[in-house]
Amino acid sequence: MIRAVLAPFIFVLHTSLQILNLALWGGLIILLGLVKLIMPNGKIRTAWNKVMHGLMFSFGRVSVLMIRLFNRVDIECSVHGELSKDRWYLIIANHLSYLDIILLIEFATNRIPAPKFFLKKELIWLPFVGLGAWALDMPFMHRYTRAYLEKHPEKKGKDLETTKAYCEKFRTVPTTVINFVEGTRFTSLKHLSKQSPYENLLPPKAGGVSFTLSAMGELFTNVLDISLLYPENKRHPMMAMLSGQMTKIVIDVNVTPVPELQQHSERTESEFRLYFQNWLNGLWENKDNRIKKMLES
């Protein structure tokens, strides 16, 4: 009762501190990124990147520390399989809130290599986030619509070429790539409008994952199927967290093999597209069943 009354005051204080935390670590990352521009490739640049990754991990740790401070929250993290900081991973996760990104960064700390997000080009202008991601060598993608490509066929495949060029930087340094395959945050309205066959998920889009695997597939050691849940704050998890009303967070990690890659497949393009969509649908169906059991328990 008292926490409900204090919720508006907690929201203002907690939100202000989270923004300051982002500004502090994001600003430092951007500053080091500018210095990196004049550095030659080699051991010094690699060591500099590790320092910058450490700043990103610090952002995640401090952010989650504040979440624990302002909320009486139980964070339950389960990992089914072995993890290593010396391997390459593709994370496939459901998407519920901006809070997902903070939790995934904090989860990666001391477990797996620094995570990279494939970002829309427009996000470069988002304060601290855009330039911080640029400094950390995260790829910014210019996704062309089908209608645009029909008018400008010379642009077809450009995103894949850009991604492959970025991914050359990841060949010698273990990396984690995060992909939210639903393409947007889950809401009840989106679930209804998309006529999702899953109870707790939106339909997965194969394009983004296939795109990533085409560019980096040979590097990945495993796929990490991560399920994020806010079982007692489903409607507005970010608002609940900032207001001190978050009570439980579940992070469930399933370590799975990398699927067959198109460049190694004897299937035709249409056959491979069908195979890959079926693989992703199967992964998503299993995830939905696991989430259902976790919510019931």
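Name the residue that is surrounded by the fewest Cβ atoms within 10 Å (Cβ to Cβ), counting only residues in segment 172-197 that are modelled with pLDDT of 85 or more and within 20 Å of D137 (Cβ to Cβ).
So, considering only residues that are modelled with pLDDT of 85 or more and within 20 Å of D137 (Cβ to Cβ), the one surrounded by the fewest Cβ atoms within 10 Å (Cβ to Cβ) is V173.
Collect the residues in segment 102-139 that are over 20 Å from G33 (Cα atoms) and of a type in the set (G, A, S), keeping them in residue-number order.
A108 - this is the single residue of segment 102-139 that is over 20 Å from G33 (Cα atoms) and of a type in the set (G, A, S).
Any idea which of (1) part of a helix (DSSP H, G or I); (2) at pLDDT 90 or above; (3) open to solvent by less than 50 Å² (accessible area, probe 1.4 Å) is the one N200 doesn't satisfy?
Among (1) part of a helix (DSSP H, G or I); (2) at pLDDT 90 or above; (3) open to solvent by less than 50 Å² (accessible area, probe 1.4 Å), the lone unmet condition for N200 is (1).
Out of the residues in segment 111-147 meeting the condition of being within 23 Å of R61 (Cβ to Cβ), open to solvent by 30 Å² or more (accessible area, probe 1.4 Å) and among the aromatic types (F, W, Y), tell me which one is farthest from the chain's Cα centre (by Cα).
Result: F128.
I want to confirm something. Restricting to segment 204-239 and keeping residues that are acidic (D, E) and part of a loop (DSSP other than H, G, I, E, B), which single residue is nearest to the chain's Cα centre (by Cα)?
My answer is E218.
Enumerate the pairs (first residue in segment 270-297 and within 18 Å of G207 (Cα to Cα); second residue anywhere and assigned to a helix (DSSP H, G or I) and not acidic (D, E)) with beta-carbon separation below 7 Å, excluding pairs fewer than 6 apart on the same chain, so at least 6 apart or on different chains.
Between residues of segment 270-297 that are within 18 Å of G207 (Cα to Cα) and residues that are assigned to a helix (DSSP H, G or I) and not acidic (D, E), the close pairs are F272/Q262; F276/A206; F276/S210; Q277/A206; L280/A206; L280/V209.
Name the single residue, out of those in segment 216-241 being touching a Ser or Thr at 6+ places or on another chain (Cβ under 7 Å) and either modelled with pLDDT of 95 or more or more than 19 Å from R68 (Cβ to Cβ) (or both), that is most open to solvent (accessible area, probe 1.4 Å).
By that ranking, first place goes to N222.
Have a look at I2, I38 and point out the one that is farther than 27 Å from Y230 by Cα and β-branched (V, I, T).
Of I2, I38, the one residue that is farther than 27 Å from Y230 by Cα and β-branched (V, I, T) is I38.
The values are calculated or read from the model by the stated rules, or taken from the named source; none is laboratory data. What you see is a predicted model; the values in this text were computed from it and never measured. Neighbour counts run over all protein chains shown; Cβ positions are idealised from the backbone, glycine included. All accessible areas refer to the heavy atoms of the entire protein, side chains included, with ligands and DNA or RNA removed. Shrake-Rupley method; radii C 1.70, N 1.55, O 1.52, S 1.80 Å.
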